[in-house]
1. Stretched out fully, how many nm does the piece from A283 to S27 gain, at 0.36 nm a residue minus the Cα gap?
2. Return the sequence-ordered ³J(HN,Hα) values of region 175-181 in whole Hz as given by the Karplus equation 6.51 cos²θ - 1.76 cosθ + 1.60 applied to θ = phi - 60°, using x for Gly and Pro.
3. Can you give the direction-averaged projected area of the convex hull of the alpha-carbon atoms in region 245-348, in nm²?
4. Could you tell me what % of all Cα pairs in the chain have separations over 32 Å?
5. Percent relative contact order of region 63-139, based on C-alpha pairs within less than 8 angstrom and at least six residues apart?
6. Check which residues have an amide H placed less than 5 Å from G172's amide H, if you skip close sequence neighbours.
7. If I compute solvent accessible area with a 1.4 Å probe over the protein chains, what percent of it on region 281-348 is carbon and sulfur?
8. What full-extension length gain, to one decimal in nm, is calculated for K316 and R206 as 0.36 nm per residue of separation minus the Cα-Cα distance?
Amino acid sequence: MIRIAVVGGGIAGAMLAWRLCEVVRGSAVHLYTGEPHRRADASAASGGLTRAFEPDAALCLEAADSLAELHSNRELREWASYRETGSVYLLPGLGPGTEGLVELVRSRLPGSISLISGAELSTRGTFRELPEGSVAVVEKRAGYLSPNAFRDRLLVELARSGAFVTDGQVDGITAEAEVRPAEGSPARFDAVVVAAGAWTQGLLARTGLTDAGLRTKVIQYVLGPSAGKNPDAFVDETSGLYGRSYAEGRVLLGLPTDRWDITPGPTPTDPVLTNRILDVAEARIGYRPPGRKVKAVTAVECYHPTGGLSLRPLAKGVYTFTGGSGGAGKTVLAASRTAARSLVRSLR
Ligand SMILES: Cc1cc2nc3c(=O)[nH]c(=O)nc-3n(C[C@H](O)[C@H](O)[C@H](O)COP(=O)(O)OP(=O)(O)OC[C@H]3O[C@@H](n4cnc5c(N)ncnc54)[C@H](O)[C@@H]3O)c2cc1C
């Protein structure tokens with residue numbers, strides 16, 4: 001019987017282990033969740049914005065396939081706490097491939113997507129002072145999910161399906177596909193997949209395996225009281241601002257950071273960035289929280305130069321499944337299905 005270990009209990013590891021259980025017997029799959037890091041991981045902090053459109057073609061295909069699967073499966077929607085709010089993706093202009101990507105999404109989610117000018121979007125309310133020539137990709141069947149709730153549910157389902165779920169850290173992995181947990185005995189597998197998010201680099205370094213170009217970066221957003229109509233889930237490439245309505249009458253708003261190569265775990269927030277988020281939000285969507293009182297949230301994410309979550313071989317029987325690069329919440333369903341199938345095919 002094939003034996004596969006997945007190291008990391010974020011959405012990537014949990015979803016990959018769950019997919020593997022669909023392809024091989026549950027008892028062949030062993031997931032090490034990495035408690036207590038799990039509580040400060042990217043999946044716990046994720047904004048969960050979920051849509052089908054992405055300006056990158058490969059990511060767009062994965063995001064569209066993931067959203068289509070979510071829409072076709074009520075159980076998955078419940079597990080993921082999916083909420084449909086609609087989505088707006090603002091671009092500075094029509095790129096050479098934009099209309100093709102819109103068609104791709106249309107083929108997966110008929111009736112969901114349309115392309116309108118920034119000027120037309122401005123007339124609908126939320127957005128203001130959009131640059132001339134900007135265009136907006138508007139999706140009806142999009143919104144947000146909770147990677148945190150999703151992986152918690154997947155861990156329960158994994159245990160039910162007979163997979164071994166071990167809370168606790170892995171200290172090392174050898175090039176011979178042996179896993180060395182911090183507590184307990186080492187175990188040999190036919191394949192080990194390191195899905196430890198921002199911790200992957202450090203774990204591989206301790207083990208003497210290459211990190212294959214992985215880097216870490218902080219993501220920061222703010223949660224504030226909603227003021228007026230809450231926006232749909234949106235990304236505004238013309239200003240960098242992204243956001244969505246949040247539970248309990250709050251709103252989530254963020255801007256990209258440039259805080260690279262940060263040690264994963266609880267990370268201080270950057271007050272300068274918090275202020276910048278509020279300034280841009282005021283200018284772009286007229287958001288002004290009373291007293292500018294908001295709560296900032298940070299977490300460290302794993303980035304890969306080619307972007308996107310995928311299975312990457314490191315040594316015979318050793319792989320990574322990380323590099324979500326700030327967007328794996330929306331692509332993980334399709335990425336994990338592809339990864340599980342190709343891993344099992346390579347072992348048979
Ligand atoms: C603040 C923030 C907002 C985001 N917003 C969005 C969004 O709106 N939409 C979207 O699509 N994506 C978003 N993302 C990206 C998405 O959430 C991430 O790509 C995704 O959650 C990454 O999941 P992961 O499982 O790869 O990593 P993580 O969730 O970080 O999980 C890594 C896991 O590895 C485990 N681990 C670590 N070390 C060890 C060890 N030694 N042994 C065993 N296990 C170990 C940890 O316990 C942890 O559970 C956001 C990310 C962040 C940080």
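1. Details: separation 256, 0.36 × 256 = 92.16 nm, distance 5.42 nm.
That pair, A283 and S27, stretches by 86.7 nm at full extension.
2. 5, 9, 6, 9, 9, 10, x
3. Working: hull surface 37.0 nm².
For region 245-348, averaging the hull's shadow over all directions gives 9.3 nm².
4. On the way: 18074 of 60378 pairs.
That fraction is 30 percent.
5. For region 63-139, the relative contact order is 37 percent.
6. When sequence neighbours closer than 5 places are left aside, the close amide H contacts are R180.
7. Values: 1460 of 2870 Å².
That fraction is 51 percent.
8. Taking 0.36 nm per residue and subtracting the Cα distance, the gain is 37.8 nm.
The values are calculated or read from the model by the stated rules, or taken from the named source; none is laboratory data. As the structure is a prediction and not an experimental result, all values here were calculated from the model. All Cβ positions, glycine included, derive from the backbone under ideal geometry; neighbour counts span all protein chains shown. Note: accessible area is taken over every heavy atom of the protein model, side chains too, but ligands, DNA and RNA are not part of it. Shrake-Rupley method; radii C 1.70, N 1.55, O 1.52, S 1.80 Å.
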